[in-house]
Amino acid sequence: QVWLAESGGGLVQAGGSLRLSCAASGSIFNINSMGWYRQAPGQQRDRESVATITWGGSTKYADSVKGRFTITRDGAKNTVYLQMNSLKPEDTAVYYCNFHFPTSDYWGQGTQVTVSS
């Protein structure tokens, strides 16, 4: 069993920055990748992939956040971070972290990010 604890969400003005953290605890072996996903208010479709990072360090970003968001990880702490700069109102959403293992996925509880115009 793996538990994920997220922190760092909040309210910020457009153009501001926030840093999200997600720390994993429990039976942590062979992490394939980690990532951040989001779901905007009223959004009916599946969570949008914002950024992912493999255990080897390869990253992938949604086009909408490229150049503004940076995903990093601390392997020793089993923690993944999302630095969000130049935030826009359309970034408002609940952000979820994800740890992907060979045979399972675990999700954080979600943290609200609200960007005011």
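The values are calculated or read from the model by the stated rules, or taken from the named source; none is laboratory data. The model shown is predicted, which means the values in this text are computed figures rather than measured ones. Here the Cβ is made from the backbone with ideal geometry for all residues, glycine too, and neighbour counts use every protein chain on show. Just so you know, the surface numbers come from the protein's heavy atoms only, side chains and all, with ligands and any DNA or RNA stripped out. Shrake-Rupley method; radii C 1.70, N 1.55, O 1.52, S 1.80 Å.
Assess whether PHE29 counts as being part of a loop (DSSP other than H, G, I, E, B), of a type in the set (A, V, I, L, M, F, W, C) and either in contact with an Asp or Glu (Cβ under 8 Å, 6 or more places away or on another chain) or open to solvent by 40 Å² or more (accessible area, probe 1.4 Å) (or both). Taking the combined requirement at face value, the residue satisfies it.
Please enumerate the residues belonging to segment 32-55 that are open to solvent by less than 50 Å² (accessible area, probe 1.4 Å) and either closer than 16 Å to THR79 by Cβ or in contact with a Cys (Cβ under 6 Å, 6 or more places away or on another chain) (or both). SER33, MET34, GLY35, TRP36, ALA51, THR52, ILE53 - these are the residues of segment 32-55 that are open to solvent by less than 50 Å² (accessible area, probe 1.4 Å) and either closer than 16 Å to THR79 by Cβ or in contact with a Cys (Cβ under 6 Å, 6 or more places away or on another chain) (or both). GLY16 falls short on exactly one of the conditions (1) out of contact with any Gly (no Cβ under 8 Å at 6 or more places or on another chain); (2) assigned to a strand (DSSP E or B); (3) open to solvent by less than 30 Å² (accessible area, probe 1.4 Å), and that condition is (2).
Of all residues in segment 57-98, those that are closer than 21 Å to ARG45 by Cα, in contact (Cβ under 8 Å) with a residue 24 or more places away in the chain and either surrounded by 15 or more Cβ atoms within 10 Å (Cβ to Cβ) or not acidic (Asp, Glu) (or both) total 12.
Considering each residue of segment 38-87, count those that are of a type in the set (A, V, I, L, M), over 20 Å from THR114 (Cα atoms) and in a strand (DSSP E or B), and give that number.
Qualifying residue count, segment 38-87: 2.
Is it the case that segment 14-23 has a residue that's hydroxyl-bearing (Ser, Thr, Tyr) and without any contact (Cβ under 8 Å) to a residue 12 or more places away in the chain? Taking every residue of segment 14-23 in turn, none turns out to be hydroxyl-bearing (Ser, Thr, Tyr) and without any contact (Cβ under 8 Å) to a residue 12 or more places away in the chain.
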